[in-house]
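The values are calculated or read from the model by the stated rules, or taken from the named source; none is laboratory data. As the structure is a prediction and not an experimental result, all values here were calculated from the model. Positions of Cβ are generated from backbone atoms using ideal geometry, with glycine treated the same way; all protein chains shown enter the neighbour counts. The accessibility values were calculated without ligands, DNA or RNA, using every heavy atom of the protein model including side chains. Shrake-Rupley method; radii C 1.70, N 1.55, O 1.52, S 1.80 Å.
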Amino acid sequence: MGPLQEALAAVGVVIIAAVLGFNGWQSWQLRRRRARSERDERGEPGAGDLFPATTPQDRVEPGLDEVSEAAEPDGLPDSGAEATRARTAGARIDPLIDAIACFVFEQPVPGEALQQRLPRTARAGTKPLLFEGRNARTGGWESLQPGERYAELQAAVQMASRSGALNAIEYSEFVTKCHALGEALGVAPDLPDMAEVLEQARELDGFAAGNDAQLSINLQAQGVAWGLDFLRQQAQACGFTTNMAAGRMALVENFADESDPQAEPRRYAVVQLQYDAHAELSDDPAMPVARATLLLDVPHVAPGLRPFARMRDAARQLSQALGARQVDDNGASLSPAALDQIELQLQQLYASLEARGLGAGTPAAQRLFA
């Protein structure tokens with residue numbers, strides 16, 4: 001056997017040993033968790049708080065507000081990692097679109113201690129990471145709050161988005177961050193199987209690709225282009241009062257979900273109006289604009305707001321005020337009959353999203369189609 005073959009054989013032995021060691025470590029952690037659960041059922045005391053109420057001041061606390069929303073607690077405390085979880089309206093983690101790792105503590109842990117040990121970057125590749133704790137006082141799942149104590153922690157990675165399905169490299173990065181977090185917390189994460197997660201991610205990505213829609217109606221000037229100020233004035237008269245960015249306005253409205261009377265009304269950009277951003281950045285109110293686009297991002301807006309009907313109304317009003325033609329992306333005229341057909345297909349899309357539990361305008365749908 002030559003030197004190259006000997007080196008390859010040595011590498012193979014190291015890899016096999018590492019795999020066997022990792023599997024043994026996982027089995028040991030599983031036995032440890034089972035033993036802890038049996039001890040809890042017998043009513044034996046734990047080892048005390050994992051962290052003190054005060055934490056070192058020299059650690060940098062990640063900005064959790066970027067990835068999760070505070071929620072009002074409801075429900076009663078659950079027992080056991082597999083118990084039915086009382087989720088609050090503001091909780092962001094959703095098993096329909098997230099792969100979830102769970103950390104179960106022997107004793108409740110202060111929220112500030114958990115916050116300080118979270119990964120500094122809440123992403124795995126292109127996929128966002130989210131973190132929630134089960135409040136030891138209320139039993140509800142919520143974003144981590146200083147001054148509260150948590151019996152469990154969940155870390156989640158989103159399985160799909162418009163950038164594609166979660167891949168093996170991204171999931172491995174998530175696993176690495178969970179193990180690092182587990183070491184900092186002194187508790188092993190309960191991680192989902194990689195093969196199962198990647199299969200779910202591919203299936204979810206396929207569903208999303210087949211049920212995504214961004215509808216547009218273009219307004220094309222006939223003859224003389226419009227002045228930028230004139231376009232904005234007419235748009236404001238039609239309800240487009242929010243400037244989202246250069247060349248983008250939105251018709252924004254609050255909407256309360258009647259199926260959940262306790263939920264706070266949510267704010268939606270129902271329809272967007274897009275035009276030449278360079279014209280707005282030029283600071284010339286007379287800068288000519290010859291084309292504008294009304295855009296509806298279907299999965300992002302609750303159907304109860306009648307977004308497509310409102311987009312058609314806005315297109316009709318603006319086309320009359322601007323002397324514009326309604327055309328598709330290829331410049332062909334859009335007839336009322338064609339728009340009626342689109343609206344019928346849109347109802348089928350809403351039904352498909354709802355059947356999956358990802359109704360248009362819900363937080364999960366907005367995350368999936370982002």
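Considering only region 102-125, how many residues are surrounded by fewer than 21 Cβ atoms within 10 Å (Cβ to Cβ), in contact with a helix residue (DSSP H, G or I) (Cβ under 8 Å, 6 or more places away or on another chain) and assigned to a strand (DSSP E or B)?
Summing the residues that are surrounded by fewer than 21 Cβ atoms within 10 Å (Cβ to Cβ), in contact with a helix residue (DSSP H, G or I) (Cβ under 8 Å, 6 or more places away or on another chain) and assigned to a strand (DSSP E or B) in region 102-125 gives 2.
Looking at (1) within 19 Å of R367 (Cβ to Cβ); (2) in contact (Cβ under 8 Å) with a residue 60 or more places away in the chain; (3) basic (K, R), find the lone condition where R291 falls short.
Here R291 meets the rest and fails (1).
Got a number for residues in region 314-330 being within 16 Å of V271 (Cβ to Cβ), open to solvent by 50 Å² or more (accessible area, probe 1.4 Å) and touching a residue at least 24 places away in the same chain (Cβ under 8 Å)?
Within region 314-330, residues that are within 16 Å of V271 (Cβ to Cβ), open to solvent by 50 Å² or more (accessible area, probe 1.4 Å) and touching a residue at least 24 places away in the same chain (Cβ under 8 Å) number 1.
What about E253, is it outside any helix (DSSP H, G or I), under 30 Å from Q320 (Cβ atoms) and either open to solvent by less than 20 Å² (accessible area, probe 1.4 Å) or at pLDDT below 95 (or both)? Reasoning before the result, please.
Values: outside any helix (DSSP H, G or I): yes; under 30 Å from Q320 (Cβ atoms): yes; either open to solvent by less than 20 Å² (accessible area, probe 1.4 Å) or at pLDDT below 95 (or both): yes.
Criteria met by E253.
With (1) part of a helix (DSSP H, G or I); (2) surrounded by fewer than 21 Cβ atoms within 10 Å (Cβ to Cβ); (3) not hydrophobic (A, V, I, L, M, F, W, C) as the list, and G147 as the residue in question, which single condition is left unmet?
Of the numbered conditions (1) part of a helix (DSSP H, G or I); (2) surrounded by fewer than 21 Cβ atoms within 10 Å (Cβ to Cβ); (3) not hydrophobic (A, V, I, L, M, F, W, C), the odd one out for G147 is (1).
Among the residues of region 289-301, write down those that are within 27 Å of the chain's Cα centre (by Cα) and of a type outside the set (A, V, I, L, M).
T293, D297, P299, H300
Taking the conditions exactly as written (surrounded by fewer than 18 Cβ atoms within 10 Å (Cβ to Cβ) and within 18 Å of G247 (Cα to Cα)), does S333 satisfy them or not? Walk me through how you get there before you give the answer.
Working: surrounded by fewer than 18 Cβ atoms within 10 Å (Cβ to Cβ): yes; within 18 Å of G247 (Cα to Cα): no.
No; evaluated as a whole, the condition is false for this residue.
Suppose we filter A286, A370 for residues that are assigned to a loop (DSSP other than H, G, I, E, B), open to solvent by 60 Å² or more (accessible area, probe 1.4 Å) and touching a Ser or Thr at 6+ places or on another chain (Cβ under 6 Å); which single one remains?
Details: A286 fails: touching a Ser or Thr at 6+ places or on another chain (Cβ under 6 Å).
Checking each option against the conditions leaves just A370.
Please state which of the following conditions Q348 fails to meet, knowing it meets all the rest: (1) under 25 Å from the mean Cα position of the chain (by Cα); (2) more than 20 Å from D212 (Cβ to Cβ); (3) loosely packed, with under 12 Cβ neighbours inside 10 Å.
Going through the list (1) under 25 Å from the mean Cα position of the chain (by Cα); (2) more than 20 Å from D212 (Cβ to Cβ); (3) loosely packed, with under 12 Cβ neighbours inside 10 Å, Q348 breaks only (2).
Among the residues of region 166-182, is there at least one that is within 17 Å of P108 (Cα to Cα) and either open to solvent by 10 Å² or more (accessible area, probe 1.4 Å) or touching a strand residue (DSSP E or B) at 6+ places or on another chain (Cβ under 8 Å) (or both)?
yes
Could you please find all residues in region 273-283 being closer than 10 Å to L231 by Cβ and either open to solvent by 60 Å² or more (accessible area, probe 1.4 Å) or polar (S, T, N, Q) (or both)?
D276
Can you tell me how many residues within region 340-366 are without any contact (Cβ under 8 Å) to a residue 40 or more places away in the chain and over 21 Å from A256 (Cα atoms)?
The total comes to 6.
Take the residues in region 80-101 that are open to solvent by less than 50 Å² (accessible area, probe 1.4 Å) and modelled with pLDDT of 95 or more, then tell me which one is farthest from the chain's Cα centre (by Cα).
Residues of region 80-101 open to solvent by less than 50 Å² (accessible area, probe 1.4 Å): 80-81, 83, 86, 88, 90-91, 93-94, 97-101.
Among the residues that remain, those that are also modelled with pLDDT of 95 or more are: 93-94, 97-101.
Working: I93: 8, D94: 9, I97: 8, D98: 9, A99: 12, I100: 13, A101: 16 Å.
My answer is A101.
Just checking, does region 302-324 include any residue being under 21 Å from E253 (Cβ atoms), under 20 Å from the mean Cα position of the chain (by Cα) and part of a helix (DSSP H, G or I)?
yes
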